[in-house]
Amino acid sequence: MSAFRLLASWLLAIALTLFFLHITIHPWPNPVPGYVKFYDAPGEHLAFSALARSTGITLFEPAGRFVSGVIELVTALLLLIPATRRFAAGISVLILGAGVALHLSPWLGRELVLPEGGTDGGTHFLVYVICLAFSLLLLFVHPGSRRSY
């Protein structure tokens, strides 16, 4: 059973690391404007711009976006180290839980408004919910250290 838990831990950690890299630095070609924290120009990120507009708190964009991006990159690094994986999964739960909570708040909403008109249909929210589930699962699946009493 521990081999399955170890494999599941690695798969979940790699999936979450790729997600955090995707939303912060986007290493793939032709990134979509409005979704990548360190790629977008100030005021261009869809979620953080909407939060800044609806709350009136200008710290959300670009300062809040930059701070959350740095925290996500550190979390991505810690997820790859088995000794810090459970701690990183806890941080990931906090980050993604805050994202889901903001999507459920009246300030952001479940669907993001796209620059060309229309909405994303809740795709951004759904991805955050799935990654939150992965983080919670990683908290329970990652094999802990054995304690002798």
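The values are calculated or read from the model by the stated rules, or taken from the named source; none is laboratory data. Fair warning: this is a prediction, and the values are worked out from it, not measured in the lab. Neighbour counts are summed over all protein chains in view; Cβ atoms, including those assigned to glycine, are modelled from backbone coordinates with ideal geometry. These area figures cover heavy atoms from the full protein model, side chains too; ligands, DNA and RNA do not enter into them. Shrake-Rupley method; radii C 1.70, N 1.55, O 1.52, S 1.80 Å.
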So what are the ³J(HN,Hα) numbers for segment 125-130, from phi and the Karplus equation (6.51, -1.76, 1.60; θ = phi - 60°), rounded to whole Hz, Gly and Pro as x?
4, 4, 5, 5, 5, 5
Average accessible surface area per residue within the chain, 1.4 Å rolling probe, Å²:
58 Å²
Point-charge dipole on Cβ atoms (K/R +1, D/E -1) for the chain, about Cα centre, debye to 20:
800 debye
Rounded to the nearest 10 degrees, what's the angle between the helix 46-55 long axis and the longest principal axis of the chain, both from Cα atoms, 0 to 90?
70 degrees
Quick one: ranking GLU61, GLU111 by accessible area, 1.4 Å probe, largest first, what do you get?
GLU111, GLU61
Segment PHE87-PHE140, extension gain: residue separation times 0.36 nm, minus the distance between their alpha carbons
17.9 nm
Kirkwood Rh in Å, taken over the chain so that all alpha-carbon pairs contribute
16.2 Å
Which whole-Hz ³J(HN,Hα) couplings does segment 94-110 yield from phi under the Karplus relation 6.51 cos²θ - 1.76 cosθ + 1.60, θ = phi - 60°, glycine and proline marked x?
5, 5, 6, x, 5, x, 5, 4, 5, 5, 8, 7, x, 6, 10, x, 6
Of ALA101, ALA13, ALA89, which has the largest mean-square fluctuation in a 10 Å C-alpha GNM of the chain?
ALA101
For the charge dipole of the chain, defined by +1 on Lys and Arg C-beta atoms and -1 on Asp and Glu C-beta atoms about the Cα centroid, which residue among SER2, PRO31, SER135 has the Cα displaced farthest towards the positive pole?
SER2
In the Gaussian network model of the chain, springs joining C-alpha atoms below 10 Å, which of ILE23, ILE95, ILE81 carries the largest mean-square fluctuation?
ILE81
